[in-house]
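Just below is one structure, and these are the notes that go with it.
The values are calculated or read from the model by the stated rules, or taken from the named source; none is laboratory data. All of these numbers come straight from a predicted model, not from anything done at the bench. Here Cβ is always computed from backbone atoms with ideal geometry, including for glycine, and neighbour counts include all displayed protein chains. Just so you know, the surface numbers come from the protein's heavy atoms only, side chains and all, with ligands and any DNA or RNA stripped out. Shrake-Rupley method; radii C 1.70, N 1.55, O 1.52, S 1.80 Å.
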Amino acid sequence: MGLKILHLSDLHLGEEDQIFKNADEFAAQVAKVTEENAPDVILVSGDVFNAKQFSEDDYFGLIVKAKQYFDALLNKINQKSDHEIRKEDILFVPGNHEVYIPNAEVGKDVFSRYGEFLDAFYERNKAEVLCWGTLLVFPAI
């Protein structure tokens with residue numbers, strides 16, 4: 001029958017006018033779209049976060065918020081699906097809003113905070129995430 005992919009992009013969590021105000025609303029609306037055609041995998045391509053808020057000192061609150069959004073989404077889709085989607089079935093690809101450049105130092109690990117989000121979501125230790133992160137190829141900024 002083929003692979004069914006749910007593609008999400010540009011959530012911009014942390015913005016005042018973001019599309020979804022909370023994790024439950026997000027999960028309910030997305031799950032409603034997938035009721036009759038549950039996805040096999042979920043692709044989240046870029047801009048989960050809002051760059052300005054992600055670069056501030058309290059960025060960890062956004063990481064917790066994003067984890068809540070995607071945990072709620074998995075729970076809601078799995079309640080209505082005949083097959084389970086696991087965390088490993090979600091692929092995140094960072095976008096330009098996930099880049100964090102402290103003091104404009106381009107040589108630093110510009111995706112370090114995004115790595116912290118992946119660490120929290122996949123419940124991995126930092127060593128695994130950093131190793132995983134080195135396998136990704138990103139265009140020059």
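A few comments on the model shown:
- Computed packing ranks the peptides 77-87, 63-73, 4-14 as 63-73, 4-14, 77-87, most packed first, by mean other Cβ atoms within 10 Å.
- Gain on full stretching of the segment that runs from Tyr122 to Ala28 - 0.36 nm per residue minus C-alpha separation: 31.7 nm
- Computed FRET value (nearest 0.05) for Asp89 with Tyr59, which takes r as the C-beta separation and R₀ as 25 Å: 0.45
- Gain upon complete extension [Leu3, Leu43; 0.36 nm per residue less C-alpha separation]: 13.2 nm
- Heavy-atom accessible area ranking, 1.4 Å probe, most first, across Glu35, Glu98: Glu35, Glu98
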